[in-house]
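What follows is a single structure, written as structure tokens, with notes after it.
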Amino acid sequence: MLASGSAAAPFSSASVRPVHDEFHGDLLEVSMGPHHPSTHGVFRMMVTLDGETIVRLKPVFGYLHRNHEKLGENTTYLGSMPYTDRLDYLCSMTNNWAYALAVEKLAGLVPPERAEYIRIILAELTRLINHSGLIGFLMQDTGCSGTPLMYAFREREKVLDLFEALSGSRMMCNYQRFGGCRVDLTPAWVDSARRLVDAFPRFLDEFEALLTGNEIFMARTQGVGRLSPELAVNAGLTGPVLRATGVGHDLRKVDAYGLYPRFDFRVPIGAHGDTYDRYMIRVLEMRESVQILQQALRDLPAGPIMDPKAKLRGLRPKAGEAYGRIEGAKGEIGFFLISDGSPNPYRYRIRPPSFINLTVLEDLCLGHTVADAVIILGSIDIVLGEVDR
Amino acid sequence: MPEDAAPALTTAERDELRRQGILLTSISELYNWGRSNSVWPLNFGLACCAIEMIAASMARFDIARFGSEVFRPSPRQADLLIVSGTVTKKMAPQVVRLWNQMPEPKYCIAMGACAISGGPFKQGYNVLKGIDRFIPVDIYIPGCPPRPEALLHGLVELQKKIRGEKLSGPGAPRHLQPDNDCTYPVPEFGEHDLEPPRNPAVWQPPILTRPDKA
Amino acid sequence: METAEQIRDRLLARFPGAEITVVTNPGLSAQHSLLLGSPHARAIAQFLRDDPTLRLDQCSNVTGVDWPEKEIIDTVKVTVPDPAGGPPKVIEQKNKRLTPAYLEVVYHLYSIALRHGPVVIRTRTGNRSDQVDVPSLTPVWRSCEFQEREVFDLFGVSFSGHPDLRRILMWDGFKDYPMRKDYVDPDDYEWEPTPHDEVLARAKVHYPATPAAPEPKA
């Protein structure tokens with residue numbers, strides 16, 4: 001299935017003819033961003049066009065480089081937790097979990113069963129709002145302005161109400177702790193979560209009726225931005241973008257972290273690796289997330305939510321290093337921590353999925369038009385807070 | 001009628017006239033009423049706060065109730081710059097450039113702790129410690145991120161501010177003063193920092209005495 | 001999956017003369033790593049990717065670590081013969097030494113095909129000033145492309161063989177390497193409402209103690 005034996009990593013960046021060419025006509029260089037309505041934040045692409053066709057595309061990063069890693073090295077382990085909220089600001093719960101997991105590996109903490117269930121519930125709710133929001137933004141990029149995004153945000157507000165009831169904040173939840181969670185779920189919260197989850201498939205049906213078979217949408221996305229599984233694996237892609245190429249790699253199955261092995265769910269994979277597959281994977285993943293949520297809310301055990309060994313303030317893990325990763329909504333979000341025994345991490349590194357997924361942006365866009373590049377970028381699902389950190 | 005003259009009619013009398021179908025108003029009042037109720041923001045998101053800004057424009061919070069649902073992608077068509085998120089030093093020149101490209105009268109809302117002061121990222125090497133170092137800010141909305149309601153409140157405060165503006169005299173807004181060309185210098189990328197790191201015409205560090213050495 | 005020692009032994013059999021050391025991780029995660037010497041690093045990386053029992057086809061994470069010079073005090077017990085002829089004395093000797101300074105690049109490798117990992121490999125530069133070259137692994141794993149650029153940008157490690165080594169997060173004219181431990185950032189936060197620690201020290205520079213205004217007399 002995968003490339004082995006090929007001498008070098010595949011690069012498709014072909015040599016581009018000179019910008020000024022009297023015989024063939026000049027190439028046009030377009031700077032898209034950092035202020036551009038379709039770049040999902042302050043992302044910039046330097047696009048070189050031959051007529052309408054993209055012949056070169058260089059992403060420019062750093063317009064939201066907020067020095068997470070430097071700040072993380074200057075603060076305590078717990079002090080970095082609120083910063084992780086602001087990485088991928090649509091998915092604060094999964095960022096929290098990934099960071100908590102890395103510190104737990106470093107400090108040898110084991111969260112109790114109830115905390116693991118709560119984490120799974122919150123991570124899957126996060127996946128629901130991330131994917132539905134992404135599809136709304138993707139539709140915005142295809143020119144379907146308004147309606148799908150409004151539907152997605154309508155559902156998002158319901159989930160954010162749950163997050164707010166639990167953590168006190170809509171977006172920046174700062175909820176997970178090393179060895180457990182901050183506050184416990186109430187029975188009323190579980191009831192309202194159950195109602196939301198049970199009603200969610202209806203929203204998905206409505207969403208799909210609007211989009212999945214839509215002729216214009218299919219014409220705009222099918223066959224656009226095709227990605228081969230060999231390149232996807234070699235370029236380190238993860239998450240829905242990788243699975244859309246047909247590689248069944250989901251850390252919830254592969255690493256079996258948390259209590260995911262107890263849950264019955266499938267990992268949808270695509271066949272063509274094009275933009276439509278990337279859309280479809282997300283719809284199917286939301287349906288699987290609903291399955292996981294229903295099981296988790298049904299089986300939620302009673303018990304403590306913190307490891308009794310856990311020490312939040314003044315945590316000084318033994319010297320050493322650990323890399324912890326989970327399957328976030330955008331792909332593998334990992335944290336690499338080096339401890340030297342002091343209260344601050346010596347090295348605090350975030351492995352940002354959407355940054356690494358952008359590695360292949362140029363390969364996907366070559367030969368397409370600018371309008372397609374906008375859709376391809378939308379289907380990769382980036383959040384600049386995480387790309388630039 | 002001079003603007004600061006006492007009105008010949010009281011508000012109660014004017015309301016009574018309005019009920020009878022007679023509208024009495026002044027040009028400046030009519031002009032500001034029209035302006036304040038159709039503030040078009042620039043479709044410009046920087047970071048986390050931008051998501052709350054989008055949420056404010058969606059069904060639940062519905063910024064359209066205040067006449068500001070028309071988010072314009074082009075600065076040439078926008079009245080309001082909502083600086084929604086962390087301004088990094090790499091981004092600051094672009095923000096100033098966008099501000100310069102917006103036609104007067106224009107207003108700026110610093111949304112969230114980062115746009116006000118750098119917020120949680122204040123100690124970052126690439127973070128601008130407040131957009132008011134380069135452009136004048138009309139409304140500050142604290143929060144990290146502020147809720148959509150807070151943005152709506154900020155917008156209402158901005159509308160009040162616009163309604164209170166006078167069209168002539170020394171209290172007139174920037175664009176009506178003859179000696180103001182309303183452009184702001186765009187900082188350059190230096191070897192270690194932006195050059196200059198702030199616009200002294202707009203912002204000076206606050207003069208304070210240290211409480212520990214009182 | 002094989003342990004780091006087993007991988008090292010197989011690599012040494014395949015690449016005789018290569019410098020490969022196992023760096024043990026004293027922490028609880030027990031993710032030990034292989035330190036590769038620069039001359040063979042790319043060939044070894046290629047081997048790790050293509051070897052049928054390892055198949056480390058995904059380079060998940062690339063990061064730099066800055067290790068400046070550090071003074072270490074070793075305490076050694078030395079037996080000193082008593083010049084007076086009595087029984088030899090045991091005294092503690094304290095030896096100061098400086099650890100060499102270098103920049104390190106850490107790669108976390110996983111296998112998607114065989115579902116195992118991580119294998120952690122490291123390369124080190126000679127020092128932190130003029131010998132900052134390490135071989136780029138971008139020709140082996142495309143995923144290193146942007147991440148190595150980031151390490152170049154923030155740490156100043158120069159990757160030889162990288163197809164497009166430019167600054168990525170900071171602007172092009174920027175001169176410093178901000179993630180290094182000795183980086184001093186521009187002093188541009190003049191005042192904070194509740195300064196403490198380093199911020200207080202900076203605030204003191206910007207606000208030298210001014211005599212408090214005399215209290216108005218009642």
request  = Evaluate region C:142-157: report whether one residue or more is open to solvent by less than 80 Å² (accessible area, probe 1.4 Å), modelled with pLDDT under 90, among the aliphatic types (A, V, I, L, M) and within 26 Å of A:Tyr348 (Cα to Cα).
outcome  = no
task = Quick one: count up the residues across region A:307-361 that are polar (S, T, N, Q) and within 10 Å of chain C (Cβ to nearest Cβ).
result = 3
remark   = Of the listed residues (C:Thr75, C:Thr21, C:Thr79, C:Thr53), the one being open to solvent by 30 Å² or more (accessible area, probe 1.4 Å), assigned to a loop (DSSP other than H, G, I, E, B) and of a type outside the set (A, V, I, L, M) is C:Thr53
query = Which number in (1) at pLDDT below 90; (2) under 16 Å from A:Ser167 (Cβ atoms); (3) open to solvent by less than 10 Å² (accessible area, probe 1.4 Å) marks the one condition that A:Thr94 misses?
reply = (1)
key: helices (runs of 4 or more DSSP H) enclosed by region B:1-73 - at least 1 residues per element that are in contact with a Pro (Cβ under 6 Å, 6 or more places away or on another chain)   = B:48-57
remark   = Taking region C:118-136 and keeping only residues that are facing chain A (nearest Cβ under 9 Å) and open to solvent by less than 10 Å² (accessible area, probe 1.4 Å), one is left with C:Val120
query = In the list A:Arg313, A:Arg349, which residue meets the criterion of being open to solvent by less than 10 Å² (accessible area, probe 1.4 Å) and either at pLDDT below 90 or on the phi < 0 side of the Ramachandran plot (or both)?
reply = A:Arg349
ask   = A:Pro187 passes all but one of (1) surrounded by fewer than 21 Cβ atoms within 10 Å (Cβ to Cβ); (2) touching a helix residue (DSSP H, G or I) at 6+ places or on another chain (Cβ under 8 Å); which number fails?
value = (2)
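Being open to solvent by less than 50 Å² (accessible area, probe 1.4 Å) and farther than 16 Å from C:Leu137 by Cβ is the filter here; which residues of region C:83-110 pass it?
Our first condition is that a residue be open to solvent by less than 50 Å² (accessible area, probe 1.4 Å); within region C:83-110, this holds for C:86, C:99, C:101-110.
Once the filter is applied, which keeps residues that are open to solvent by less than 50 Å² (accessible area, probe 1.4 Å) and farther than 16 Å from C:Leu137 by Cβ, region C:83-110 yields C:Gly86, C:Thr99, C:Ala101, C:Tyr102.
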note = Across region A:105-135, the tally of residues that are open to solvent by less than 10 Å² (accessible area, probe 1.4 Å) and within 14 Å of chain C (Cβ to nearest Cβ) stands at 1
ask   = Restricting attention to region A:77-84, does a residue exist that is open to solvent by less than 10 Å² (accessible area, probe 1.4 Å), over 23 Å from A:Arg347 (Cα atoms) and not charged (D, E, K, R)?
value = no
ask   = Only one of these conditions is not met by B:Arg72: (1) surrounded by 23 or more Cβ atoms within 10 Å (Cβ to Cβ); (2) touching a residue at least 24 places away in the same chain (Cβ under 8 Å). Which number is it?
value = (1)
inquiry  = Would you confirm, using the coordinates I've provided, whether A:Gly385 is of a type in the set (Gly, Ala, Ser), over 20 Å from A:Arg66 (Cα atoms) and at pLDDT below 90?
reply    = no
query = (1) of a type outside the set (A, V, I, L, M, F, W, C); (2) in a loop (DSSP other than H, G, I, E, B); (3) closer than 18 Å to A:Arg177 by Cβ: which one isn't true of A:Gly324, the others all being true?
reply = (2)
key: Residue check, B:Arg60 within 12 Å of another protein chain (Cβ to nearest Cβ) and of a type in the set (D, E, K, R)   = yes
task = Might you check whether a residue that is touching a residue at least 12 places away in the same chain (Cβ under 8 Å) and of a type in the set (Gly, Ala, Ser) occurs anywhere in region A:198-212?
result = no
note = In region B:143-166, anything more than 14 Å from chain A (Cβ to nearest Cβ) and either open to solvent by 50 Å² or more (accessible area, probe 1.4 Å) or touching a Gly at 6+ places or on another chain (Cβ under 7 Å) (or both) is listed as B:His153, B:Glu157, B:Lys160, B:Lys161, B:Arg163, B:Gly164, B:Lys166
key: Selected residue [within 10 Å of chain A (Cβ to nearest Cβ) and in contact with a strand residue (DSSP E or B) (Cβ under 7 Å, 6 or more places away or on another chain)] from C:Leu56, C:Leu28, C:Leu12, C:Leu48   = C:Leu28
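The values are calculated or read from the model by the stated rules, or taken from the named source; none is laboratory data. What you see is a predicted model; the values in this text were computed from it and never measured. A quick note on method: Cβ atoms are made from the backbone with ideal geometry, for glycine too, and the neighbour counts reach across all protein chains shown. Calculation scope for accessible area: heavy atoms of the full protein, side chains included, ligands and nucleic acids excluded. Shrake-Rupley method; radii C 1.70, N 1.55, O 1.52, S 1.80 Å.
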